[in-house]
Each structure stands twice: as C-alpha cells, then as structure tokens.
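To keep things clear, I will list the structure first and then write my remarks on it.
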Ligand SMILES: Cc1cc2nc3c(=O)[nH]c(=O)nc-3n(C[C@H](O)[C@H](O)[C@H](O)COP(=O)(O)OP(=O)(O)OC[C@H]3O[C@@H](n4cnc5c(N)ncnc54)[C@H](O)[C@@H]3O)c2cc1C
C-alpha cells in the first residue's frame, strides 16, 4: 500500500510513503517494525499525524499507521487517590478516550480534551494543556524496545517525561503499544482542581477550585475552538500541527533583561530525570532547576513584529489568524518547505529581537529546520 503523507498528517503536507502498513493489532505493529529492522528498511510509526512535519520528498521505507483499539478497565487500586485503572491501546483516538473518562466520572485528563491524535503518541511529548499533563495520570506504558526486540512495561518515572518531551522523543527507539492510566473517581462529578487561570475564568471558579467534569470538558473544547486548536473541517485555521513552538525555558537572570510586560512563569525546581533505558543516552530535556523561567513563545513572536495571519510573500504557509503559535496550511497549497521557511523566519526574528531561540514542538521527518 502506498500513500501521500499529506493525507495522513493534520498539516496536510508531506510527500509519498514508500510503503504503508496499517497496524490493527499490537502484534502486527511489533512484527512490522522488527521485520523492517531485520531487513534494514527505515520505518516510521505514525498515529494521527498531528505532531509531525513531513518533508515534500516523503519517507523512505515503511510508514506504520497505528490503529489498534481498546480501552480495558483493569482492577481498581484500592486505597490509591487514583484508583481507576485503564489500559488503552496505542491507536485509540485520544479525545474519544477523554470523552469516555468524563462520561464515567473519572478525573485526571479532562483538561486534555480536544487534543488530536492517538493515545500511544500522548506520552511521546507528554501532552499538556490547560494545567494538566498526561504525566500526572500515567502509570506505565507497554513498549517494543526496538534495539532488544523485546516488549516490556516501562513505569512512567522511567520515561523522562518533561515539558513536551520524553525519552522516546529524545531518541530512545521504542514503540508504544499501550498506555496504563490512573484516574480519580470523583464525588458529584466534580473534577480535579482547575489549575489554569483562563479555564477557571471560563468556568466561573477560582484557580484551585473544582468544577463539574463535563463542564471542564465543554469549556476546554470551546476555548480551543476559539483558537483553531480543535481539528475541524470547517475551520481552515486548524490545518496545523497545533503549537509549532514550545515556550522557551530561560534562566531567571536572562528573563530580567526582557521587557517588563513579557509574561514569565517561574518554574518549580524538579529533580532531573534519573532513569535512562539501558544502553541509551537520550539527550536530557531542558532541565527544570531553581531559577528557571518559562516565557511565552506567543508573546515573543507577536512582539518581534509577527502578527496573526502573517505569511511570507507568495507562500502558502501562514501564522494562524486565531493563534500566534500555530503555523497553518490554511491556504491548502502550502508545501512542507514553506512551513519550515516560515518557522525559520519566525525563529530568526525572535532571536534577533530578544536573543531567545524558539524550539519547534512537532517532530520533523525528512526535513530540517
Ligand atoms: C489542532 C491541534 C492542537 C493540538 N494541541 C495540543 C495541545 O494542546 N497539547 C499538546 O501537547 N499537543 C497538542 N497537539 C499536538 C498533537 O496533537 C499531540 O502531540 C498528539 O499527541 C500527537 O498524536 P499523533 O497520534 O497525531 O502523533 P503523530 O503526529 O502521528 O506522531 C508524533 C510523534 O510520535 C511518534 N509516535 C506516534 N505514535 C507512536 C507510538 N505508538 N509509539 C512510538 N512513537 C509514536 C511519531 O513517530 C512521531 O515522532 C495539537 C495538534 C493539533 C493539530
């Protein structure tokens, strides 16, 4: 089977896949990757294609699209604050899983409503939004460790999860087969305390207060839709890979040199990720040490003179007209090269204005920035 990656990615760019395999079972997924390894064929695992920028020349080797399904209720963990345990197959659509947990009165991932893509990809960049990250609810993942060829269970603390990163995103060659989550069973359908000011405002509660689970999901979906951050055929601004840049982490000393009105969020110190899979040395995610400050990439871009809707002359790629951080193919005629060119232009403007390097969030395949 062949396909153009433009049909399999939410940015709707990317050349052909030499070979496409749709994996409907974990066994098929494992076998396809191991067979490719044995024969020296390059391989790429793809879920919903919502966090990749694939080059216009396409992908050599085999693209394995994961469509495995299943949400299994494991025995409860009595005495745990998060007693509800779920095992979710990698190809299960993430947002359908969130909807399922909200319907059942289980709290922990409701603020992650509306994030596109697959459940197996969620730990790859430790998805996060509106004050929640999957790291808070993740117990473990079952992976295929590609180098050893073995399937094994990796406890979450060993995945080096950080701000939009993990050991896998940093280069550990592993394929996620399933994800185990621990969720709170909530009283009166009130979810976990709301941890994000904009969401709290929308719900009419204070940060730290609880709000009904279904209300949180509805509010998050509405906030996201206003920013073009929910995939929607009718909204051209959602033809994107979500936020294209992560919020930069800089030292507190450096942050002092920025204009007074630049938003900044001091980070709590966090011990560095200690466990690294045997035989691998994933580059460490940006260390969260005392004195680290997170900046707003959107503010930096806007104040470097790049407005919403901006496009380079003649280019099909543009900054979303609803959200400065999203680069879009709203025109429907952008190439991957044009998306990358716009990203480089933004990086250069922010670097020369503020001395800050913006790092892309999506994974680049067959194209460099
Ligand atoms: C409109 C929009 C809004 C978004 N909002 C957010 C947001 O709020 N927060 C956020 O964190 N992200 C957001 N994203 C990014 C994206 O949705 C998430 O990163 C999502 O988890 C990607 O899932 P996917 O299945 O589409 O991954 P893909 O794009 O298919 O893959 C991404 C990477 O993960 C790898 N991968 C995929 N599946 C597996 C697997 N089973 N095992 C090993 N590796 C795998 C791929 O090889 C690739 O390197 C948004 C994207 C869009 C388009």
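The values are calculated or read from the model by the stated rules, or taken from the named source; none is laboratory data. Predicted model only: the values in this text are computed from it and were never measured. For neighbour counting, all protein chains shown are included, and Cβ atoms are generated from backbone atoms with ideal geometry for every residue, glycine included.
When only residues in segment 93-113 that are surrounded by 22 or more Cβ atoms within 10 Å (Cβ to Cβ) and outside any helix (DSSP H, G or I) count, which is farthest from the ligand (Cβ to nearest atom)?
The extreme case among them is 106.
Could you grab me the full set of residues in segment 24-68 that are under 17 Å from the mean Cα position of the chain (by Cα) and more than 9 Å from the ligand (Cβ to nearest atom)?
53, 54 - these are the residues of segment 24-68 that are under 17 Å from the mean Cα position of the chain (by Cα) and more than 9 Å from the ligand (Cβ to nearest atom).
Restricting to segment 68-80, name every residue that is surrounded by 15 or more Cβ atoms within 10 Å (Cβ to Cβ) and either part of a strand (DSSP E or B) or out of contact with any strand residue (DSSP E or B) (no Cβ under 6 Å at 6 or more places or on another chain) (or both).
The one that is surrounded by 15 or more Cβ atoms within 10 Å (Cβ to Cβ) and either part of a strand (DSSP E or B) or out of contact with any strand residue (DSSP E or B) (no Cβ under 6 Å at 6 or more places or on another chain) (or both): 71.
Can you tell me which residue within segment 125-147, out of those that are away from the ligand (no atom under 11 Å from the Cβ) and touching a residue at least 60 places away in the same chain (Cβ under 8 Å), is nearest to residue 52 (Cα to Cα)?
By that ranking, first place goes to 145.
Only residues that are out of contact with any helix residue (DSSP H, G or I) (no Cβ under 8 Å at 6 or more places or on another chain) and within 14 Å of the ligand (Cβ to nearest atom): list them for segment 153-162, please.
Pass one, segment 153-162, residues out of contact with any helix residue (DSSP H, G or I) (no Cβ under 8 Å at 6 or more places or on another chain): 153-155, 157-160, 162.
The answer is 154, 159, 162.
Does residue 332 qualify as being in contact with a strand residue (DSSP E or B) (Cβ under 7 Å, 6 or more places away or on another chain) and not in a helix (DSSP H, G or I)?
Answer is no for this residue.
Which condition breaks for residue 306 when tested against (1) away from the ligand (no atom under 16 Å from the Cβ); (2) closer than 30 Å to residue 46 by Cα; (3) surrounded by fewer than 22 Cβ atoms within 10 Å (Cβ to Cβ)?
Result: residue 306 passes all but (2).
Tell me yes or no: at least one residue of segment 273-287 is within 24 Å of residue 135 (Cα to Cα), at pLDDT 90 or above, touching a strand residue (DSSP E or B) at 6+ places or on another chain (Cβ under 8 Å) and assigned by TED's automatic domain parsing to the domain that holds residue 357.
No.
Regarding segment 170-190, can at least one residue be identified that is under 23 Å from residue 47 (Cα atoms), crowded, with 21+ Cβ neighbours inside 10 Å, over 18 Å from the mean Cα position of the chain (by Cα) and touching a residue at least 24 places away in the same chain (Cβ under 8 Å)?
yes
Could you please find all residues in segment 300-329 being without any contact (Cβ under 8 Å) to a residue 40 or more places away in the chain, in a loop (DSSP other than H, G, I, E, B) and either within 24 Å of the chain's Cα centre (by Cα) or at negative phi (or both)?
307, 308, 309, 310, 311, 312, 313, 315, 316, 317, 324
Show me the strands (runs of 3 or more DSSP E) found entirely inside segment 163-273 where at least 3 residues are within 11 Å of the ligand (Cβ to nearest atom).
174-185, 240-243
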